[in-house]
Amino acid sequence: RGVALRAATVPADVVAKDNANFRGAVSVFGGVLAHLILGAMYCWGNFLSYAPASLLFFDGLAHPGMTPDAIQVLPMALVAVNLGMPIGACMNKKFGPRITTLLGCALMVLGTFLGSYQTRLLPFMLYYSLMAGVGTGMSYSTPMIAGWSWFPKSKGLINGLILFGFGSGAFVFNNVATGLAQSGVLFGEMLRKLALMYAAGSLLGSLLIKAKPPVTVREAENCEIGDTATPPANMPVSPDPVCDEPGATFKQAVTSRRFSLLWVIGLMAFTPGITVMGLYKRFGMSNPAAVVADDQFLSLVGGIGAVFSGLGKMIWGIVVDKIGFLRGYQITTVAQIALMLLLPFAAVSKVAFAAAVCGALFCLGGSIAMYVTCNAQTFGVANAGEIYSLLFSSLALSSVVGAKLTIGMLGTVGWHGIFTVLACMGLLNFGMLKLFQRETRTKPAWET
């Protein structure tokens, strides 16, 4: 009776807020689960070692000693992700995050499944890179946008939690794939088994995702940002315009100097980590006599590195809410430069190699999470999906730059030269961050 009495005395708005927080947490968990599946795209650095010879080069022939064309599978997938993101942003506004995420994940699963039957690299990439990549792009931002609607003051935290799933996907499925391959399962069958797992996980995650329903004027008065104009009485309004500061239109954002600077900052920040993610195993196996030239060890490093990438996203997603984008990026850039300079010397020790790779992926994860948060903080959330779909092209291009850099320069400058060039990108990024800091000292056009 006493418990019932206390429950009855709890104000209705407190109960409603608790219920909303719970439903929001469920939606975020669904986003984490969906991203766990989408993040399997980063397993390609490990999957490549199990691919048949006919999938290594476009002509289907063996070329001993040459860098395989198949290292372009991940870069092309990231380009496709960039193509899918504006589609997902438009679908999210029309159909909502649940349907958009479900359709995107379904396309990713289908691309993986159909790709498993291909015996030549070009058609394989059409399915595994293009189709699956577009699906991943469609589903990439929608869980985060849904999470922002429930927790508008914790964008960095929401981004970090959901992107932790994306980073952890490579850890989970790297280990699953290695177990299947080492048990004798052929490459095509391995992909089909993985596709079935992807389907189950993404279906559950997608069904849990939901945006916060429109709020009433009374609820709007309790928003954490209270200096926005109050709408007419009894008019339902969406959470974003009421609970967040007004932001930029798509045109205002992409034509601004801030957008251009952020795009270059992203390109310089992502290229080193993406290159390490895609080629760490090839670097480790480049000298058969090296202590790290062990397939099982390198697969383990890739899996642990994926966890560190996820942790970087989660930790820096929280930290960026407290210390800001510029300071956070300066810290990860310093770490990135040091790790790129150390990596050529790390192959003499398994511990040093694992620490360097995991550190590089930790910085990459943090850079991505802070980048997503900076996008929403700089341009607002109303059009964040569409704006980020274009901003994300810096990440897609960074993977292409890393692959082309390796193919074009490895024979001339070696791995030491490759990592030195990547370290120089970090140095250049300090100048770009300084320019961005100067630009943000004045109010943008959409706030005047």
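In the context of the full set of protein chains, region 73-227 has a per residue accessible area of 40 Å² (1.4 Å probe). Calculate the length of the line joining the C-alpha centroid of region 180-204 to that of region 401-441, in whole Å. Comparing the Cα centres of region 180-204 and region 401-441, I get a distance of 36 Å.
Across the cross-link table entries Lys210/Lys251; Lys94/Lys210; Lys322/Lys434, which are compared at the Cα atoms, the separations over 22 Å belong to Lys210/Lys251.
For Leu74, the solvent-accessible surface computed with a 1.4 Å probe is close to 10 Å², ligands and nucleic acids excluded. Applying 1/(1 + (r/R0)^6) with R0 = 25 Å to the Cβ-Cβ distance of Leu83 and Leu122 gives a FRET efficiency near 0.90. What is the list of residues in region 323-364 whose amide nitrogen lies under 16 Å from a point 7 angstrom out from the Cα of Ala289, following Cα to Cβ? What the label zone holds, given the 16 Å backbone N cut-off, is 347-349.
When the solvent-accessible area of the chain is split by element, carbon and sulfur atoms take up 67 percent of it, the probe being 1.4 Å.
Specify the longest stretch of the chain that does not include any exposed loop site, a site being one of the GluC sites (Glu not before Pro) with a non-H, G, I, E, B DSSP assignment and at most 11 other Cβ atoms within 10 Å. Result for the longest clean stretch: 225-448. Note on the chain: helix-only mean residue ellipticity at 222 nm, from DSSP H runs of 4+ residues weighted -39500 (n - 2.57) and normalised by residue number, equals -24500 deg cm²/dmol. Taking all protein chains together and rolling a 1.4 Å probe, Val401 ends up with roughly 50 Å² accessible. In the chain, the sites counted are chymotrypsin sites (Phe, Trp or Tyr not before Pro) in DSSP loop states with at most 16 other Cβ atoms within 10 Å, and the longest stretch holding none of them, exclusive of the sites, is 118-448. Solvent exposure of Arg192, expressed as accessible area, is near 60 Å², computed with a probe of 1.4 Å over the protein chains only.
Taking each residue as 0.36 nm, the span from Ala445 to Met409 lengthens on full extension beyond its C-alpha to C-alpha distance by 8.7 nm. I'd like the distance between the alpha-carbon centres of region 60-93 and region 318-349, rounded to an integer number of Å. Cα centroid to Cα centroid, the span is 26 Å. Site pair Leu207 and Ala20 shows an inter-label distance of 2.7 nm when each label is modelled 7 Å from Cα along Cα→Cβ.
The values are calculated or read from the model by the stated rules, or taken from the named source; none is laboratory data. Just so we're clear, the structure is a prediction, and the values are computed from it rather than from any experiment. Here Cβ is always computed from backbone atoms with ideal geometry, including for glycine, and neighbour counts include all displayed protein chains. We work out accessible area using only protein heavy atoms, side chains counted, and drop any ligands, DNA or RNA first. Shrake-Rupley method; radii C 1.70, N 1.55, O 1.52, S 1.80 Å.
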